[in-house]
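Trainee: Can you keep this structure in mind? I'll have questions shortly.
What follows is calculated from the coordinates using simple rules that are stated; it is not laboratory data. Computed from a predicted structure; not experimentally measured. All Cβ positions, even for glycine, are placed from backbone atoms using ideal geometry, and neighbour counts span all protein chains on display.
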Amino acid sequence: MAIWYLLKGQWTRLEEVDPKLTAKLGTILAGMGKEAINKTGKTREALRQDCCQLLKAGRTYLLDSNKKFTPQAQPHSLAAEYGLR
């Protein structure tokens, strides 16, 4: 249900980034690696602060009721799914 409300644009703004969320951001930034962080032209701390600001500002996701779901063809076997046959 939470995803449905998020997609409909009915969400509550994040008021505070708690220490656990800050630690998760640090883990994500560590996974980026130094090279990727250097490409952004920002320091790791500046990126962390930017991420916190983006989380607080929020983002609006709207569900497009006119878009139709088109299912993809399912492979008939596990081997086909992984491209082995």
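Trainee: Counting other beta carbons within 10 Å of each Cβ, put Thr70, Thr22 in order, fewest first. Please list the in-between numbers first.
Mentor: Working: Thr70 5, Thr22 14.
Sorted ascending by nearby Cβ count, the order is Thr70, Thr22.
Trainee: Within a Cβ distance under 9 Å of Lys56, other residues only, what is the Lys/Arg minus Asp/Glu net charge?
Mentor: Around Lys56, the surrounding residues sum to -1.
Trainee: Return Ile28, Ile3, Ile37 ranked ascending by Cβ neighbour count within 10 Å, so the fewest neighbours appear first. Present the calculation step by step, with values, prior to reporting the outcome.
Mentor: On the way: Ile28 12, Ile3 8, Ile37 16.
Ordered by Cβ neighbours within 10 Å, fewest first: Ile3, Ile28, Ile37.
Trainee: What does the helix-only formula give at 222 nm for the chain: each DSSP H stretch with n ≥ 4 adding -39500 (n - 2.57), the total divided by the residues, and the result rounded to the nearest 500 deg cm²/dmol? Please report the intermediate quantities before stating the final value.
Mentor: Working: 4 runs with 46 residues, N = 85.
It comes out at -16500 deg cm²/dmol, rounded to the nearest 500.
Trainee: Report Rg (one decimal) and Dmax (nearest whole number) for the chain, counting Cα atoms only, units Å.
Mentor: 19.2, 51
Trainee: So how many Lys-Lys pairs in the chain land under 25 Å Cα to Cα, not counting same-chain pairs under 8 apart?
Mentor: 13
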